[in-house]
Structures are given as C-alpha cells and as structure tokens.
Amino acid sequence: MRVLKLIFKNAFRHKLRTLLTVLGIAIAVTAFGLLRTVYTAWHAGLDMAAPDRLISRHSVSFIFPLPYAYLDKIQRVPGVEMVTYANWFQGVYIDKNQFFARLAVDAKTYFEVYREFLLPPDQYEAFKKERNACVVGETIARQYGFKLGDVVNITGDIYPGDWQFVVRGIYQRRDETVDGTQMVFHWEYLNERMRTDAPGRDGDVGWYIVKIADPNRSAEVSSQVDALFANSRAETKTETERAFQQSFIAATGTIVTAMNFLSFVIIGIIMLVLGNTMIMSARERTREYAVLKTLGFSGGHLVGLIGGESLLISIAGAGVGVLLTFPLVEVFAAALPKGFFPVFTIEPITLTLAVLSAITVGVTASIFPIQRALGTRIVDGLRHVG
Amino acid sequence: MSLIQVRNVAKVYKRDTFEVPVLNNLSLDIPEGEFVALMGPSGSGKTTLLNLIAGIDRPTKGNVVVKGTDISTLSESALAQWRSDNIGFIFQFYNLIPVLTAFENVELPLLLTKLSRAERKKRVEFALAVVGLGDRMYHYPKQLSGGQEQRVAIARAIVTDPLIIVADEPTGDLDRTSAEEVLTLMARLNSEFKKTIVMVTHDPHAAQRAHVQRHLEKGDLV
C-alpha cells in the first residue's frame, strides 16, 4: 500500500510537468481516437458487406448503367437465390451539404435482399403500393424529422427535374454497423419519368445485387454472370459486396492509409512525451533509487516504482483522452455534411486500442529509466547530484 | 571472534582505461558493540571501506566477513536482503525521500519485512521517539531543519534494529549544535542500545566520540 502511495506521490512530485504530460497523452489519445473513428467509418461499408451478396456492375466503371434486361438472365444462373437492382439517383435535398444516399431500387425485392434494413410489414406494403413512395433510414429520419406521410422534395441533377416522394416507411438498423442513412424509392418511378423526359435513358439500372445460396461459390457464380455478358455492349464485372466496397475505398486509399499511419505516429509521439518525462524523473531520483537499494529494496521494487509511475501517468492520460474523444467526435460529426459517413460511431475496438496503446507506451517509456536505475551502482547513485 | 572481519581487502576502480587502486590489502577487525571512527584525508579510501563493510560495494580482492557471513560472496539479491536485515545507514546528506513524511521515511525499511501495519507503526513511533522527533512524525523533510532531518535518518537506520550502523560523515552537513545532538544520539545508540557503529568522518571532534579511531592514508591503515 505504501509503495502504491509512493508511486502516486512520485507521479505528482512535479505537478505541472505531470499535468502537461497527462494532457499531452490525452490530446494524442483523443487524436488517435478521432482518426481511428474516421478510418473505421471509411471502412464501415466493409463491415456491412454480406458474404452472400454479389454486386454486378458495368465492367468499365460503376457510373455506366446496365440494361434492365440482364435481370432475368442473372436470375437463371445456378446458385443465384434472388436478384435486385439499384440506381444512384443523388439529387439535392435542401442544399448540397445535406448528403445521404438516394437510390432508385426495385421495391419488390430490395428489402428482401437487404435483410439488415428492418421495415415493418405494413410500411413495406404501403411502400410497394405507391409509385412515388420512399423509405428512409432511421438515422436521416431522426436528423431531418421525417415522419410517415411527409413529402420529400428533391431537385434532380443526374436525373433533372423536381421530384416528390412520400415517406411510407422508416427502416430500423439491425445493429450499429448498418447504414441508417439511405433513402430508397421505386425504380419504376424513375424509369417512367426517363421514358417521357429523357428517352434513351430509360431501361437502365445502376447495378445488380445478387443474393447467392452458398457464399463459398461466390467466385464461380461471379464468373458465370460475367460470362453471360461477355463481348456485349455492356459487359459486367461481378464481385462480392466486400470487394465492391473495397474498390471505393481504394479510390481514397492514400488518404485513408495516411490517416491510419498518422494514428500510429501519434502513439510514437505519446511515447516520446512520456519517455521524456520518465527519463527526467528517473535521472532526478538517481540518488533516491540508490538509497532505496541501500535499504534493501530489490530491482523488482524499482521496476514497480518506475513502471508503476509511468503506467499511472499513461493511464491517467488515456482516461482523460478517452473522455475527450466522445465530445470531439460529436463535434467533428456535426461539422461534416449530414450523412457524409453513414456510420460514424466510436468503435469499442478504437477505445480498446487507445487504452492498450497507452498501457504499452507506459511500459515502454519506463524501460530506459528502469535500465538506468538498475544499472547504476549504489555507490555511484549515492554520489549523484541531480 | 570480531563481529566484522576485513581480510586482505583491495579495491580498484576502473575509470575508462585507467585503474585506480583505492584500498591495498587492508585488514581490520571490529568487535561487536564497538564505536569506530574511520578518519583520513579525501581519497584515502575510508568511504570505500565503509561501503564494503555495509555491503553496498564489493572488494576487488579479499573478504569481508560479518558475523560469520562472507558478504563478498553473496548474490545481489542476497546482499540486498542481508543489508536490510543487518545494516542501518546514516548518510551525510540525510537522503530522505522528500515526498514522504518523517513517519513514512522511517517506515520504508520495514516495508521489506513481514511486520503488520500496527507493528510497523509501533516501531516507527519508538524510533522517532528515541531521536526526539515524536512530535514531528507527519512533517515532510522540507519542513524540518538539517539536524532534524538527520535525526529522522537515524530513526530510519535503527528502526529495523540492525546489527551495525554505518555512518558516512553524519555531521558533515550540520551546524555545530545539530552535529553535537547527532553525535550524542549516536553515542547513546552505542551505549544504550549496544549498536556497533562504524563512522567515517573528517571531523576530529566527531571522531572523539568513538571508542576507536582508525586512520587511513592512500588505501592503507596507518
């Protein structure tokens, strides 16, 4: 108990220095937490990706459409359980800062394939029956105050014109990793308008989502789908949903990698900050450690004293840092365009990593001072003027 | 048989590529209950000899036997335990831990024992009472005078009831009055509590309090 008290008293011997070190660690942990949260938000799509879903898109680029006529052919491929499709609609709601995914989908099958979107049966029926109905995710419903029966006005950009949708459903997320920011409406509604307003742009879908019976056969089914349309005017590229999401992330890969790298650079910075403090403290106490050794305290005791102090400071910093991370992430999320990240929450793994890093830093930062304290002969330590 | 037997001890320090001999085949016997003053000019080897007797340094050659134990052959951990059990230290600059109270400083050596908290408290209070600081138990070193700090250090040295007390210039940093108090206290520890004391000092007046004065010069007893 007395040794713990000594660790505590040693840690706060130079209150300002310790306070600044704790703050330094806290700021670094907070920055680490924020960067990791952005990093995980970027990868959230990968976590959401289902192993039994394939995405079939135009082989040249995602932005080129595929003929609606492919639907029947894909459905007949052995191993395919169900096929649905979607179109990226985009548009502007209020202004360009209000960002959330707006998709034209097959109303009859979309929610059958995306089982993680939980839609009450009555709302599902209401959605299917009405041509200009839409379903919104619980997150954007909360953000914009959407209620059933509300009319949502969207100004089209990719598909010009004024568009009105009636909210007939609000889907809940199966869990925290599921995107709650989608707005989906009938593809037929879009297709009809295109037929009249922009002939030639009708009959196209953005991509197909293929639900397969056996995820282990994804490569085989993908090849079969692509083989169907080989040498056609719109060849397909079929891949798992995860691979599809990864191709998006790859486009911003350098930034994301830099962010990930930076988060670990921060750990290095913490280590230097704490290491510096511990080295200064240990040097100042060289004589005290020699006195303790003289009194019979063993190397193990010194390891406990120095390591304990280093850990105490690092854990205090981590604690403050973790507490600061929550409001900072909130502020950051509020500063982003709404819905920029479908899922923007602090993952438990981020907090665990932050705390584990701080503990590792605490242990590592004490190695040199411990070595020095143990390696100094008592007679030299007693002569030390610090 | 003497309590402390120093036999043909030599000590050589290595400084870079140079070897500096400090003690030359020195032998010394100190009987139990003795109060010995080691005197000599700077660099004569008196502190080195004290360190060897106290087990905080090892001879290059020869043996130091204390109450039948050849401490020159003990491992580091065994030597640490031996020091804890047998030696009380008094330093010139007191060497108290500044963030601990007088009570906590005196209690430090007892943390290595299996004594209960209550037993430790009893012993610390007794040791502080012996040095006349029973009313300063909860003062921090910076709240005490130099003489008081040295008395706390003496209390820390005696709290484990050691066989031997070693003191390195215990009055070297004190004014005359405080030095006198400390020397009186040490003499009392020797006469009343039968402690064997080995004291290094430059001060002839301090050395007069000892029963025996041994002089060193250039690593030899003269």
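The values are calculated or read from the model by the stated rules, or taken from the named source; none is laboratory data. These figures come from a predicted structure and were not determined experimentally. Here the Cβ is made from the backbone with ideal geometry for all residues, glycine too, and neighbour counts use every protein chain on show. Accessible surface is based on the protein model in full, side chains and every heavy atom, while ligands, DNA and RNA are left aside. Shrake-Rupley method; radii C 1.70, N 1.55, O 1.52, S 1.80 Å.
Going through the stretch A:222-246 one residue at a time, which ones are within 15 Å of A:LYS211 (Cβ to Cβ) and open to solvent by less than 50 Å² (accessible area, probe 1.4 Å)? Hits for the stretch A:222-246 are A:SER222, A:VAL225, A:THR238, A:GLU239, A:THR240, A:GLU241, A:PHE244. Against the condition over 24 Å from B:ASP161 (Cβ atoms), more than 14 Å from every other protein chain (Cβ to nearest Cβ) and touching an Asp or Glu at 6+ places or on another chain (Cβ under 7 Å), how does B:ASN8 come out, does it pass? Here the answer is no, as B:ASN8 does not meet what is asked. When the stretch A:98-130 is filtered for residues that are buried (at least 21 other Cβ atoms within 10 Å of the Cβ) and either among the polar types (S, T, N, Q) or in contact with a His (Cβ under 6 Å, 6 or more places away or on another chain) (or both), only A:ALA107 remains. Look through the stretch A:265-300, keep the residues that are surrounded by fewer than 19 Cβ atoms within 10 Å (Cβ to Cβ) and farther than 15 Å from A:ILE25 by Cβ, and return whichever of them is farthest from the other protein chains (Cβ to nearest Cβ). For the stretch A:265-300, the residue satisfying everything is A:ILE279. Within the bounds of the stretch B:52-62, is there any residue that is more than 12 Å from chain A (Cβ to nearest Cβ) and either closer than 30 Å to A:PHE8 by Cβ or of a type in the set (Asp, Glu) (or both)? No. All conditions in (1) of a type outside the set (Asp, Glu); (2) under 21 Å from A:ARG233 (Cα atoms); (3) open to solvent by less than 70 Å² (accessible area, probe 1.4 Å) hold for A:ARG76, with the sole exception of (3). In the stretch B:71-104, the residue that is farthest from the other protein chains (Cβ to nearest Cβ) out of those that are open to solvent by 50 Å² or more (accessible area, probe 1.4 Å), touching a Pro at 6+ places or on another chain (Cβ under 9 Å) and closer than 20 Å to B:LYS142 by Cβ is B:GLN92. Inside the stretch A:24-59, residues that are in contact with a strand residue (DSSP E or B) (Cβ under 9 Å, 6 or more places away or on another chain) and at pLDDT 90 or above make up a count of 7. Under the condition of being surrounded by fewer than 17 Cβ atoms within 10 Å (Cβ to Cβ) and assigned to a helix (DSSP H, G or I), the residues counted in the stretch A:131-144 number 2. The criterion of at least 3 residues that are under 19 Å from A:VAL291 (Cβ atoms) is met, among helices (runs of 4 or more DSSP H) falling completely within the stretch B:79-192, by B:102-107, B:117-130, B:146-158. When the stretch B:15-70 is limited to residues that are closer than 28 Å to A:GLY375 by Cα and basic (Lys, Arg), the one that is least open to solvent (accessible area, probe 1.4 Å) turns out to be B:LYS46. Within the stretch B:1-35, the residues that satisfy the criterion of being of a type in the set (A, V, I, L, M, F, W, C) and out of contact with any Ser or Thr (no Cβ under 8 Å at 6 or more places or on another chain) are B:MET1, B:PHE18, B:VAL20, B:LEU26, B:LEU28.
So, A:ARG168, is that one without any contact (Cβ under 8 Å) to a residue 60 or more places away in the chain, within 17 Å of A:CYS134 (Cβ to Cβ) and buried (at least 22 other Cβ atoms within 10 Å of the Cβ) or not? So A:ARG168 fits the description; yes.
Looking at this structure, is A:VAL343 in the same structural domain as A:LEU272 (by TED's automatic domain parsing) and surrounded by fewer than 18 Cβ atoms within 10 Å (Cβ to Cβ)? No. Residues in the stretch A:1-18 that are loosely packed, with under 13 Cβ neighbours inside 10 Å and either of a type in the set (A, V, I, L, M) or at pLDDT below 90 (or both): A:MET1, A:LEU4, A:LYS5, A:LEU16.
Looking at this structure, is B:VAL65 more than 24 Å from A:ASN10 (Cβ to Cβ), more than 8 Å from chain A (Cβ to nearest Cβ), at pLDDT 90 or above and not in a loop (DSSP other than H, G, I, E, B)? Judged against the criteria, B:VAL65 is a match. Of the residues A:LEU382, A:LEU324, A:LEU353, the single one that is in contact with a Ser or Thr (Cβ under 9 Å, 6 or more places away or on another chain), part of a helix (DSSP H, G or I) and within 14 Å of another protein chain (Cβ to nearest Cβ) is A:LEU382.
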